[in-house]
Amino acid sequence: MATEKVTGDSDLRVESANPDVSRFQNVDIADKSLNAGAMEATAQEHSVGFVQGFKTYKRAAFWSIVISMTVIMEGYDVTLLSSFYGYPRFREKYGAWLNEEHGFQISSTWQQRFNCLAAVGNIIGAMMNGWATARWGHRRVLIGSLAWLSAFIFVVFFAPNIGVLLAGQTLCNIPWGVFATTGPAYAAEVTPLAIRGYLTAYINLCWIIGQFISAGVLKGLVNNPTQWSYRIPFALQWVWPVPLALAAYFAPESPWHLVRKGKLEEAKRSLQRLSEPDHDINYDNAVALMVHTNKLEMEERSGANYWDAFRGTNLRRTEIACMVFLSQITNGGALCYNGSFFFQQTGIDADTSYAITLGGKGLSFVGTVVSWFYIHRFGRRTIWLWGFSTLCLILWIIGFLALVPNQTMSLAWGQSLLCVVWLGAYSMSVGPIVYTIVAEIGSTRLRTQTVVLGRSIYYVGNIICGGILQPKFFSPGDWNLRGKTAFFWSVLATLTLLWGYFRLFETKDRTFGEMDVMFQKGVSARNSSKYQIQEEDVNMTEAVQEDRKE
């Protein structure tokens, strides 16, 4: 029986009767046999099915679900203010008088400020989270962010004017950026491969749940004639931080974070808390494999920077990640996803517009759940293309309906209900599949840089299209295009669809090594799903990896 000591804050003994596993654990990072050991460990994890994985790691699933509830809070918060633009009492408090027809309105200039500074706050929060979590772990950062949010909700709740409200919202967006990145990261690090996909997909559902709660609260208070119609939704944000902070306090820390900090005994205890005690699990080997994986990833990232993401085959991967993330902007989401203000511009009263929004959020919930039944059956490229084609068609129809002279309530209802259909189609296709594609497309050494670049492009696109242009399109005091706004999004969506047909790569059922070979050989996007890996291609893997390192 081979025995090894892994040094850290304790002498953790690693024993294995399998000489191949022992060889994997003792080998130097530069030794090529490490790849064979990693492949063996990966195959063993793949052999665990969903039912067995959930039974063994039901505690990990529980804590992942609990921590991901911060995304529900974030989903509730970020849609709140944009929905208030159509709220009568909110406009009277923070808006300016426009004319007899439109009454009080939040000007497009102020809408631009709110939208742009919200995105800036999210970026700051996400970047701070990446730095802070590496030092203090998910739990402490999450508790600190919840305390931060609780404090600045006071600024929003008691804001005497729109300037103070803007400052409070911007400061609140910083912890929301933390929540948006903590949930997925924690879920990925505490759950095994067998259930990881389902629990990370659940995070998408958390966004919908938060937005559904927000829409329900707004629908219930839209006819309240007092200032509490908008103050109560702000105040409800105080409900979340205390229970979530308690959950974070009692939750086990990510074992991967503890391994990276050299706290191996704590990592072992964390793994024990994340699994069932009556299952036969070698925690010492699990921690040792984490140690070796951490060393391997450090070696893979050595010398890698953002500039490398634009060199060689990585340029194509970066392009795909950026464009797929950007497709969440160019698909017309700014028009359809938060449509209560748009519904009112078509002539529908405020009460009905929020009822439609509530129904749309419910449809989004159902659509996301439905996507789980085929997201692992059909290719990522196939789901994205069919879904995006549907979104394009809906946008063109909305635009042409707006051209009909003498607009009637029937046409207004038609445009509004098409926005709801758009929500359902988006939630069943483009919404959940984007995150899968971006997570899989990057190379091993540059995956983090690829995701960051893609997300950065998303935020920039959101600032330009959703933050600057969309308020101008809608505002009665500016361009006031109403349904004709759909033509702008239709053109952007069609151009994005053409890009996807010729450039979007299929990643389903491909290992990272196989994708390395396919990108190195220049396999076209249209042939990526049908390409057959040959024996000589497999033999190329080591050469490709060596070429990438050079």
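The values are calculated or read from the model by the stated rules, or taken from the named source; none is laboratory data. Bear in mind the structure is a predicted one, so any value in this text is a computation, not a measurement. Backbone-built Cβ (ideal geometry, glycine too); neighbour counts: all protein chains shown. Keep in mind that these areas ignore ligands, DNA and RNA; they rest on the heavy atoms of the full protein, side chains included. Shrake-Rupley method; radii C 1.70, N 1.55, O 1.52, S 1.80 Å.
Inter-label distance, W413 to A235: 3.7 nm, where each label sits 7 Å from its Cα along the C-beta direction.
Filter the cross-link list K93/K219; K219/K484; K261/K508; K93/K472 down to pairs whose alpha-carbon distance in this structure exceeds 23 Å.
Details: K93/K219 19 Å; K219/K484 26 Å; K261/K508 34 Å; K93/K472 21 Å.
Exceeds cut-off: K219/K484; K261/K508.
For the range 419-432, just list the computed ³J(HN,Hα) in residue order, Karplus coefficients 6.51, -1.76 and 1.60, θ = phi - 60°, integers in Hz, with x standing in for Gly and Pro. Once θ is set to phi - 60°, the couplings for the range 419-432 become 5, 5, 4, 4, 4, x, 5, 5, 5, 8, 9, 4, x, x Hz.
Residues whose amide H falls under 5 Å from that of S254, counting only those 5 or more places apart or on a different chain, are H138, R139, with hydrogens built in the peptide plane. A simple spin-label model places pseudo-atoms 7 Å from Cα toward Cβ; at E100 and F250 they are separated by 6.2 nm. Each Lys or Arg adds one and each Asp or Glu takes one away; over the other residues whose Cβ falls under 15 Å from the Cβ of Y94, this sums to +4. Element breakdown for the range 46-251 at a 1.4 angstrom probe: carbon and sulfur atoms account for 68% of the accessible area. Placing R0 at 30 angstrom, the Cβ-Cβ distance between F154 and E92 gives a FRET efficiency of 0.85 after rounding to 0.05.
Residues whose amide H lies under 5 Å from that of L98, counting only those 5 or more places away or on a different chain, are G103, F104, Q105; hydrogens are built 1.01 Å from N in the peptide plane. Using θ = phi - 60° in the Karplus curve 6.51 cos²θ - 1.76 cosθ + 1.60, the 3J(HN,Hα) couplings for the range 319-333 round to 4, 5, 4, 5, 6, 5, 4, 5, 5, 6, 9, 6, 7, x, x Hz; x is entered for Gly and Pro. Rounded to whole numbers, the Karplus 3J(HN,Hα) couplings from phi for the range 254-267 are 4, x, 5, 5, 5, 5, 5, 8, x, 9, 6, 5, 5, 4 Hz, using 6.51 cos²θ - 1.76 cosθ + 1.60 with θ = phi - 60°, and x at Gly and Pro. The modelled label-to-label distance between F502 and R269, using points 7 Å beyond Cα along the C-beta direction, is 5.9 nm.
Quick check: residue separation of V242 and L393 times 0.36 nm, minus the Cα distance between them. What number comes out in nm?
On the way: separation 151, 0.36 × 151 = 54.36 nm, distance 4.46 nm.
Working it through step by step, the gained length comes to 49.9 nm.
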